[in-house]
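The values are calculated or read from the model by the stated rules, or taken from the named source; none is laboratory data. Keep in mind the model is a prediction, meaning the values are calculated, not measured. Methodologically, a virtual Cβ is constructed for each residue, glycine included, from the backbone with ideal geometry; neighbour enumeration extends over all protein chains shown.
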Amino acid sequence: MKIEEIPQNTLPKSADNLDIPKPETGKYDISRRSFLTRVGTVATVAATAGALVPLEPLLGGKESVAEAVEIGPLDDTARADASFNYRVAIATSERANPIVAHPCNGDEALYADKCATFTKTLVHDSFGRVDASSYNSFINALTTGNPTDFNNIIVGGTRHLVGPQGGLAFDPEGGDSHNFTTNPAPTMAGAQLAAEMVEMYWASLLRDVPFTNYASNHVAQEAAAELNLLPGYVGPRNGSNQVTTNELFRGGFPGETVGPYVSQLMWIPTNFGNQPLSQRFITFHPGIDYMTDFPAWLAVQNGGNTGQSLINDPTPRYIRNGRDFSAWTHVDVLYQGYFVAFLVLAGMGAPVNPGNPYVGSTTQDGFGTFGGPDFAATIGEVATRALKAVWFQKWFVHRRARPEVPGAIAHLIKTGQGSKTDGTLSNDLLNSQALAASWNHNSSYLLSQAFPEGSPAHPSFPTGHGTVGGACITILKFFFDGNFVIPHPVVASPNGTTLTPFVGPPLTVQGELNKLAHNITFGHGIHPAIHYRSDSDESLLLGEAVALSILQDKAAAYNEKFSVTLTKFDGTTATISN
């Protein structure tokens, strides 16, 4: 795919094509704005305060004249007009894009009790069915967008909905948040959701098993064998079209199944300026899961809590299992993992994208543009814009129930209370080994959670972690050479206290960035059981689209001429050029 350049007739006018009258000399004058007026103003203020500083020394003597000499291709008026034309041209170009459709899976209309719809924190009955008045107040607020209506949503407890009005915000750069789209989420009764739930049940049983031990662990072997047979499973397979323990809980983008499960960019120590970053983290104490009994589950749905607290492991560790990822993503800062990845890549001397205009320059280095400060700041810039796009999808299009809900429906059905829900589930889930193993472990069919509060209080599809990840990874690909091979790769020990050299196939920046994206969104989703695989897969593509849109808009803002090609998640390429 090639990102189309903005048509020439919509580009902001440069010094050569601005329709602004030129001086009689035919050239732009160097603007010399007198400094005297401003110094005079300062002197007047000083005189009012007591006249302690004479004016003459400020000007260097009675005969001196102070001036600021400003040079450049445009005088101030021309520059102001160029800036205006640039912004109008970008807005005009964005408005010319086709308006996209927003398909949903139809589950909200299908089930009268709204069991497939996100209703967490609203009022529910003893079987988890949402109260009609509470639900209607929720839908009314989303429909009107009136802040007062959001304040009047009828909730069941003390927990708050997380930022639904963020989906109504505007942004001055990139496509409008409402003009991106995703595929509809899989339906609750379908084979794909069943496979995604089976995957999460197995992941919940493997939270404390190191990824490096999967090949020899019987639970991991059973998980791979069952997923291999499910028609709705869309995760990666090996060259023989089989799911093995190597493919468990991985993404399917190029390079993701090569080498260790964890991206090198989450293991290799680095520095934030002169502050060392060890890449060891505080994780949770092993063996403690939550919301495995129905009263606790119901309390959480009503916006209450289980009365339990997380217990941290006091030993900082390198990420080595699903619980570690759950702990990391529970409190990470929006774009933390991708900013640290930038530090790791910069610290190891990873080369910039070959399209960087300063490659080969004998006179200049990039800095505020196409250099370190530009790299670092753009990661944060796209993160907040991506968040607005996904928040619109979550609240105003899909409103997909979190995985803890079909887990509760499975519990009701399997315990003879299926008449208390309108929800239906595939037998691929109801008759699965994963569900039976969960019952044997927890004495319930509920999907155990890594956090006492279960999922966050916002809809499941797509995921914010994934959309931000897709956007930030795309920026890192724009700035760095994806073909560079990571030097001195490492792997964490099973207890997460040491790193040892990894011996195996080469690991490229491209592959490890793809892996990082799924590490974080699956670490936030599959491992703690709060997001489906499809939430993450769709969100990464959504974030990528947001970032490409922003890069397209930014291209015309750079003075440097460039053409940068990057490889997208699906293996095709995109070119950003001005």
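Some points to look at:
- Taking the stretch 86-169 and the helices (runs of 4 or more DSSP H) fully enclosed by it, the elements with 2 or more residues that are more than 20 Å from Trp391 (Cα to Cα) are at 107-110, 132-144.
- Answer residue from the stretch 90-124, given it is surrounded by 13 or more Cβ atoms within 10 Å (Cβ to Cβ) and on the phi > 0 side of the Ramachandran plot and is nearest to the chain's Cα centre (by Cα) among those: Thr121
- Verdict on Ala529 being assigned to a loop (DSSP other than H, G, I, E, B) and touching a helix residue (DSSP H, G or I) at 6+ places or on another chain (Cβ under 9 Å): yes
- Pairs meeting the criteria (first residue in the stretch 481-506 and touching a residue at least 12 places away in the same chain (Cβ under 8 Å) and among the aromatic types (Phe, Trp, Tyr), second residue assigned to a strand (DSSP E or B) and surrounded by 18 or more Cβ atoms within 10 Å (Cβ to Cβ), beta carbons under 8 Å, at least 6 apart or on different chains) are Phe484/Thr508; Phe502/Val490; Phe502/Val491.
- With respect to the conditions (1) surrounded by fewer than 18 Cβ atoms within 10 Å (Cβ to Cβ); (2) in contact (Cβ under 8 Å) with a residue 60 or more places away in the chain; (3) within 30 Å of His398 (Cα to Cα), Glu199 lacks only one, and its number is (1).
- Residue match in the stretch 462-472 (condition: surrounded by fewer than 21 Cβ atoms within 10 Å (Cβ to Cβ) and in contact with a helix residue (DSSP H, G or I) (Cβ under 9 Å, 6 or more places away or on another chain)): no
- Of the set (1) touching a Cys at 6+ places or on another chain (Cβ under 7 Å); (2) assigned to a loop (DSSP other than H, G, I, E, B), all apply to Tyr338 but (2).
- Count of residues meeting criterion [of a type outside the set (A, V, I, L, M, F, W, C) and assigned to a loop (DSSP other than H, G, I, E, B)] in the stretch 72-85: 3
- If the condition is being crowded, with 16+ Cβ neighbours inside 10 Å and either under 13 Å from Val198 (Cα atoms) or not aliphatic (A, V, I, L, M) (or both), then the stretch 402-417 contributes Arg402, Pro403, Glu404, Pro406, Gly407, Ala410, His411, Lys414.
- The criterion of being within 27 Å of the chain's Cα centre (by Cα) and crowded, with 16+ Cβ neighbours inside 10 Å holds for Tyr233.
- Residue match in the stretch 322-329 (condition: under 30 Å from Arg129 (Cβ atoms) and either of a type in the set (Ser, Thr, Tyr) or surrounded by fewer than 16 Cβ atoms within 10 Å (Cβ to Cβ) (or both)): yes
Every residue, every condition in (1) modelled with pLDDT of 95 or more; (2) buried (at least 19 other Cβ atoms within 10 Å of the Cβ); (3) of a type in the set (S, T, N, Q); (4) not in a strand (DSSP E or B), yes or no:
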residue	(1), (2), (3), (4)
Asn356	yes, yes, yes, yes
Gly380	yes, no, no, yes
Lys388	yes, yes, no, yes
Phe392	yes, yes, no, yes
Val397	yes, yes, no, yes
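- Cβ-Cβ distances below 7 Å connect the following pairs, each with a first residue in the stretch 367-384 that is farther than 14 Å from Asn356 by Cα, a second residue that is hydroxyl-bearing (Ser, Thr, Tyr) and in a helix (DSSP H, G or I), and a separation of six or more residues or different chains: Ile379/Tyr338.
A quick yes/no check of all residues on (1) in contact (Cβ under 8 Å) with a residue 24 or more places away in the chain; (2) surrounded by 20 or more Cβ atoms within 10 Å (Cβ to Cβ); (3) among the hydroxyl-bearing types (Ser, Thr, Tyr); (4) in a loop (DSSP other than H, G, I, E, B):
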{"site": "Phe253", "(1), (2), (3), (4)": "yes, yes, no, yes"}
{"site": "Tyr261", "(1), (2), (3), (4)": "yes, yes, yes, yes"}
{"site": "Leu265", "(1), (2), (3), (4)": "yes, yes, no, no"}
{"site": "Ile268", "(1), (2), (3), (4)": "yes, yes, no, yes"}
{"site": "Pro286", "(1), (2), (3), (4)": "yes, no, no, yes"}
{"site": "Val300", "(1), (2), (3), (4)": "yes, yes, no, no"}
